[in-house]
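Chemist: One structure, as structure tokens, below. Some questions next.
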Amino acid sequence: MDMHRKIREHISALADGELPEADQELALAALEDADGRQAWAVYHRIGDALRAQPAAELSDG
């Protein structure tokens with residue numbers, strides 16, 4: 001696995017509150033980088049979408 005992918009997985013796990021303490025330093029350091037901050041924002045938007053309440057069904061009219 002390449003390092004970039006591993007770091008993104010760490011950021012995802014951090015956003016989910018599932019990252020082991022031993023790996024948190026690497027993830028937090030990655031958030032200092034623009035790519036890391038962008039990944040953080042994307043994972044939070046994904047989580048928000050997954051937790052969102054379904055919209056009311058619309059009629060055909």
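The values are calculated or read from the model by the stated rules, or taken from the named source; none is laboratory data. Bear in mind that the values here come from a model prediction, so they are computed numbers and not experimental data. Ideal geometry is used to build each Cβ from the backbone, glycine not excepted, and the neighbour counts take in all protein chains shown. Accessible surface areas use protein heavy atoms only, side chains included; no ligands, DNA or RNA. Shrake-Rupley method; radii C 1.70, N 1.55, O 1.52, S 1.80 Å.
Chemist: Which one of these does D60 not meet: (1) surrounded by fewer than 15 Cβ atoms within 10 Å (Cβ to Cβ); (2) in a helix (DSSP H, G or I)?
Modeler: Among (1) surrounded by fewer than 15 Cβ atoms within 10 Å (Cβ to Cβ); (2) in a helix (DSSP H, G or I), D60 violates only (2).
Chemist: Taking the stretch 3-48, which residues are part of a loop (DSSP other than H, G, I, E, B) and open to solvent by less than 90 Å² (accessible area, probe 1.4 Å)?
Modeler: G17, L19, P20, L31, D33
Chemist: Kindly indicate whether any position in the stretch 29-43 is in contact with a helix residue (DSSP H, G or I) (Cβ under 8 Å, 6 or more places away or on another chain) and of a type in the set (V, I, T).
Modeler: Among the residues of the stretch 29-43, not one is in contact with a helix residue (DSSP H, G or I) (Cβ under 8 Å, 6 or more places away or on another chain) and of a type in the set (V, I, T), which makes the answer no.
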